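**Student:** Here you go, one structure.
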Amino acid sequence: QKEVEQNSGPLSVPEGAIASLNCTYSDRGSQSFFWYRQYSGKSPELIMFIYSNGDKEDGRFTAQLNKASQYVSLLIRDSQPSDSATYLCAVKEWKGGSEKLVFGKGTKLTVNP
Amino acid sequence: NAGVTQTPKFQVLKTGQSMTLQCAQDMNHNSMYWYRQDPGMGLRLIYYSASEGTTDKGEVPNGYNVSRLNKREFSLRLESAAPSQTSVYFCAMTSGGGTDTQYFGPGTRLTVL
């Protein structure tokens, strides 16, 4: 079982600040990476995916991937109280011709008004 | 929840009782998954199915069985429920179109007394 590690938090930032969420993974051959957001009592929802080294931006969200360091991060600019949630990092794993995601345990983010 | 439905939403069982959690998708995708989520443990894969008629064990399959009789439905069965199976259960499917991202159902909150 490949491993995906995240700081459990909680991470607390003031409204308007940049929130930085980090994730490391153990399988150097991993190619696909995902960030999910999960509000309390709800199911995970996909925020972003990234496949190539570097940055990928989507609105206030930026995913960063460094395969050499086996590190993927999510930056949330101009954080809003509505961003308060648990953020899950996931890495795709191929095994026996089937794909599956390995999830980290998540980082709980609180954005304070 | 991107075309994934789960029933029931809530369930309380007594130890030793059996039940089946139902999951259905309306997007004609091949891969489907069952996860459980417990506090501090993140999402853990129970079983997955790459296509109709095929199933594979995930990280925590003990105490569960699954059935993928057609492309649309993937059910999870607890033959003899135990308190350790108290959890929130999520069904997910993988989209096609090159992104291969997973979309989750709304979840079933199960309590075993």
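The values are calculated or read from the model by the stated rules, or taken from the named source; none is laboratory data. Bear in mind that the values here come from a model prediction, so they are computed numbers and not experimental data. Positions of Cβ are generated from backbone atoms using ideal geometry, with glycine treated the same way; all protein chains shown enter the neighbour counts.
**Student:** Looking only at the range A:22-35, filter to residues that are farther than 24 Å from A:ARG77 by Cβ and without any contact (Cβ under 8 Å) to a residue 60 or more places away in the chain; which one of those is farthest from the other protein chains (Cβ to nearest Cβ)?
**Tutor:** This residue is A:ARG28.
**Student:** While we're here: Of all residues being within 15 Å of the chain's Cα centre (by Cα) and more than 10 Å from chain A (Cβ to nearest Cβ) in the range B:82-98, which is modelled with the lowest pLDDT? Just the residue, please.
**Tutor:** So the first thing to find is which residues in the range B:82-98 are within 15 Å of the chain's Cα centre (by Cα), and the list is B:85-94.
Pick out the ones that are also more than 10 Å from chain A (Cβ to nearest Cβ) and you get B:85-87, B:89, B:93.
Values: B:GLN85: 97, B:THR86: 97, B:SER87: 97, B:TYR89: 98, B:MET93: 91.
Across the range B:82-98, the extreme among qualifying residues is B:MET93.
**Student:** Among the residues of the range B:21-62, which ones are among the small types (Gly, Ala, Ser), loosely packed, with under 15 Cβ neighbours inside 10 Å and either at the interface with chain A (Cβ under 8 Å from one of its Cβ atoms) or under 17 Å from B:THR101 (Cβ atoms) (or both)? Show your work before the answer.
**Tutor:** Here is the first cut: in the range B:21-62, the residues among the small types (Gly, Ala, Ser) are B:24, B:31, B:40, B:42, B:49-51, B:53, B:58.
If we keep only those that are loosely packed, with under 15 Cβ neighbours inside 10 Å as well, we get B:40, B:51, B:53.
If the condition is that a residue be among the small types (Gly, Ala, Ser), loosely packed, with under 15 Cβ neighbours inside 10 Å and either at the interface with chain A (Cβ under 8 Å from one of its Cβ atoms) or under 17 Å from B:THR101 (Cβ atoms) (or both), then B:GLY40 is the only one that fits.
**Student:** Ok, one more. Does A:THR110 satisfy the condition of being surrounded by 14 or more Cβ atoms within 10 Å (Cβ to Cβ), more than 13 Å from chain B (Cβ to nearest Cβ), polar (S, T, N, Q) and within 30 Å of B:LEU110 (Cα to Cα)? Please lay out each step first, then the result.
**Tutor:** Values: surrounded by 14 or more Cβ atoms within 10 Å (Cβ to Cβ): yes; more than 13 Å from chain B (Cβ to nearest Cβ): yes; polar (S, T, N, Q): yes; within 30 Å of B:LEU110 (Cα to Cα): yes.
It is true that A:THR110 is surrounded by 14 or more Cβ atoms within 10 Å (Cβ to Cβ), more than 13 Å from chain B (Cβ to nearest Cβ), polar (S, T, N, Q) and within 30 Å of B:LEU110 (Cα to Cα).
**Student:** Looking at (1) of a type outside the set (A, V, I, L, M, F, W, C); (2) facing chain B (nearest Cβ under 9 Å); (3) in contact (Cβ under 8 Å) with a residue 24 or more places away in the chain, can you tell me which one A:TYR71 breaks?
**Tutor:** Only one criterion is unmet by A:TYR71, namely (2).
**Student:** Consider only pairs whose beta carbons are under 6 Å apart and that are at least six residues apart or on different chains; among these, list those whose first residue lies in the range A:36-62 and is farther than 19 Å from A:GLY104 by Cα and whose second residue is not in a strand (DSSP E or B).
**Tutor:** Once the first residue is farther than 19 Å from A:GLY104 by Cα and sits in the range A:36-62, its partners that are not in a strand (DSSP E or B) give A:ASN53/A:LYS67; A:ARG60/A:ARG77; A:ARG60/A:ASP78.
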